[in-house]
Amino acid sequence: MSHNSYQKTKLENGLKIVSETVEYARSICVGIWVDAGSRDEKKEENGISHFIEHMSFKGTKNRTAVQIAKELDAIGGMSNAFTGKENTCFHAKVLGRHFSVAADVLSDIFLNSVYSPEDIEKERWIILQEIKMQEDSPEEYIHDLFQRIFWKDHPIGMPILGTKESVMSIDREKIINYINTHYSPKNVIISAAGAVSHDDVLKYFLPMFEKIPASDIDPKRFPPAPYFDVSVNYRDLEQVHICLGVESVSIKDQRRFAVSVLNSILGGNMSSRLFQEIREKQGLAYSVYSFMGSYSDTGFLGIYVACDARHVNNVLLTINREIKKLFQGDISQSDVDSAKEYLVGGIYLASESIENRMIRIARNELIFGRYIPYEETVSNVEEVSLDDVIGVAEMLFKDKQFALVTLGPIKEEELDLSLLSF
């Protein structure tokens, strides 16, 4: 699909509206994005971005929570929101003909939420349950523990949901202050993709959003520094969950394409080295993969495995061996070609989802300030050479130390920590 279907309008108050018309689509996905997430919180307000996301569906000056739910259900639409480390998004997906209702409801929850003290109390307990639910799911919780250790005292390491203590202390005043600081128009993007024209998007959103006064408040972000600690959390589980990682490049770094190829070869899919060695050949674990965490000014490459306590050191030994092979250049051209083909397939398959398109144009605007055609991303992947991959493997791993977190029935003295250095 051509680049021409993408359009962008910047309002006087700094707010941006981006849209992409997708000819074959019957649906529209629309999101209101804020360039603020858990990394923008102070320690004592940790979890507030996520708390606000929950509260937005709890009633506005014009609608009760039940009315919001009923109006969206009545048009067969889905609405939701998500909070990340660096941004928050309120979104809805509806058939093209119901766009006006979706736009109206989303604008209402974004601009006119009341944040009543009674609802804040109720929601607080729901979020505390959500935190407990996550702690009950070791394969999720370990990722939280890892980031807390890896980024140590930096807010980017804090959990998106917050902690029990911080969630208990969030009140209406804190919520209003946080919104006034972080939700200024220059931090907001409205993004729509699907069966819609840019003119229609403007028609529905302009009247409500152009009235918001511009703000000079400009909260600064500070890049974090990684820590290579070991954190062993004993818990009586069936398996030991392991998460280890090293610092990697930011989402703006051109080398991220080579790192993506490397990640794919290391543990990004079923033909990857770690999956083949740890699961298929040695039968040490059911779940094993590597993954990338990318932020605007930093990133990490992580590996997750869940295995029997008696296999932990074997798993660490295998990871150590496979990583050494990578930076010593034990990679063939065909490894790189397969990994690139896998990534390109993923990019084009994702392009068929209207929701992915809405998210992609918003993120590209937030991070790069421009539209990035799929073809550009694909050619960046295709240009990665064998030498590039070995180069980033060396940069990430050689003479480096891994941070390690375990959760499960193992004690620190049972771990062979020498396997964490390269």
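Selection within the range 231-249: residues that are of a type in the set (D, E, K, R) and in a loop (DSSP other than H, G, I, E, B). The member of this set that is surrounded by the fewest Cβ atoms within 10 Å (Cβ to Cβ) is Asp236.
Can you name every residue in the range 213-237 that is β-branched (Val, Ile, Thr) and within 30 Å of Asn180 (Cβ to Cβ)?
Ile217
Would you say Ile156 is surrounded by fewer than 21 Cβ atoms within 10 Å (Cβ to Cβ) and assigned to a helix (DSSP H, G or I)?
Numbers: surrounded by fewer than 21 Cβ atoms within 10 Å (Cβ to Cβ): no; assigned to a helix (DSSP H, G or I): yes.
When the stated conditions are applied, Ile156 does not pass them.
Residue-level check: of (1) outside any loop (DSSP other than H, G, I, E, B); (2) touching a helix residue (DSSP H, G or I) at 6+ places or on another chain (Cβ under 6 Å); (3) of a type in the set (A, V, I, L, M, F, W, C); (4) outside the structural domain of His182 (by TED's automatic domain parsing), Ile217 misses just (1). Could you go through the range 366-389 and let me know if any residue there is crowded, with 21+ Cβ neighbours inside 10 Å and not aliphatic (A, V, I, L, M). For the range 366-389, residues crowded, with 21+ Cβ neighbours inside 10 Å and not aliphatic (A, V, I, L, M): absent.
Of the residues making up the range 263-296, those that are without any contact (Cβ under 8 Å) to a residue 40 or more places away in the chain and of a type in the set (Gly, Ala, Ser) number 5. If the condition is being in contact with a helix residue (DSSP H, G or I) (Cβ under 8 Å, 6 or more places away or on another chain) and of a type outside the set (S, T, N, Q), then the range 230-244 contributes Val230, Val232, Arg235, Leu237, Val240, His241, Ile242, Cys243, Leu244.
Tell me, yes or no, whether the range 147-161 has at least one residue that is among the small types (Gly, Ala, Ser) and closer than 30 Å to Ser19 by Cβ. No, the conditions are met nowhere in the range 147-161. Output the residue which, of all residues in the range 120-138 that are touching a residue at least 12 places away in the same chain (Cβ under 8 Å) and within 13 Å of Gly162 (Cβ to Cβ), is surrounded by the most Cβ atoms within 10 Å (Cβ to Cβ). Restricting to residues being touching a residue at least 12 places away in the same chain (Cβ under 8 Å) and within 13 Å of Gly162 (Cβ to Cβ), the top hit is Ile127. Taking (1) without any contact (Cβ under 8 Å) to a residue 12 or more places away in the chain; (2) over 23 Å from Ala25 (Cβ atoms); (3) not acidic (Asp, Glu) in turn, Ser385 satisfies each apart from (1).
Condition check for Phe228 on (1) exposed (fewer than 13 other Cβ atoms within 10 Å of the Cβ); (2) assigned to a loop (DSSP other than H, G, I, E, B); (3) of a type in the set (A, V, I, L, M, F, W, C): one failure, at (1). At pLDDT 95 or above, under 26 Å from Pro219 (Cα atoms) and crowded, with 19+ Cβ neighbours inside 10 Å: does that describe Ile149? Yes; evaluated as a whole, the condition is true for this residue. Quick one: would you say Gly31 is at pLDDT 95 or above and crowded, with 20+ Cβ neighbours inside 10 Å? Spelling it out, Gly31 is indeed at pLDDT 95 or above and crowded, with 20+ Cβ neighbours inside 10 Å. Of the residues that make up the range 196-205, is at least one surrounded by fewer than 14 Cβ atoms within 10 Å (Cβ to Cβ), in contact (Cβ under 8 Å) with a residue 24 or more places away in the chain, in the same structural domain as Tyr24 (by TED's automatic domain parsing) and assigned to a helix (DSSP H, G or I)? The answer is no, given that none of the residues of the range 196-205 is surrounded by fewer than 14 Cβ atoms within 10 Å (Cβ to Cβ), in contact (Cβ under 8 Å) with a residue 24 or more places away in the chain, in the same structural domain as Tyr24 (by TED's automatic domain parsing) and assigned to a helix (DSSP H, G or I).
Scanning the range 53-77 for residues that are surrounded by 15 or more Cβ atoms within 10 Å (Cβ to Cβ) and under 19 Å from Ile28 (Cα atoms), which turns out nearest to the chain's Cα centre (by Cα)? The selected residue is Gly77. The listed residues are Ser264, Ser197, Ser231, Ser260, and the only one of them that is farther than 22 Å from Ser38 by Cα, hydroxyl-bearing (Ser, Thr, Tyr) and more than 27 Å from the chain's Cα centre (by Cα) turns out to be Ser197.
Scanning the range 86-109 for residues that are under 26 Å from Asp35 (Cα atoms), surrounded by fewer than 21 Cβ atoms within 10 Å (Cβ to Cβ) and not hydroxyl-bearing (Ser, Thr, Tyr) turns up Val101, Asp104, Asp108. When every residue of the range 317-335 is checked against the conditions, none turns out to be in contact (Cβ under 8 Å) with a residue 40 or more places away in the chain and under 18 Å from the mean Cα position of the chain (by Cα).
The values are calculated or read from the model by the stated rules, or taken from the named source; none is laboratory data. On a predicted model such as this, the values are computed, not experimentally measured, just so you know. Note: ideal-geometry Cβ built from the backbone for every residue, glycine included; neighbour counts use all protein chains shown.
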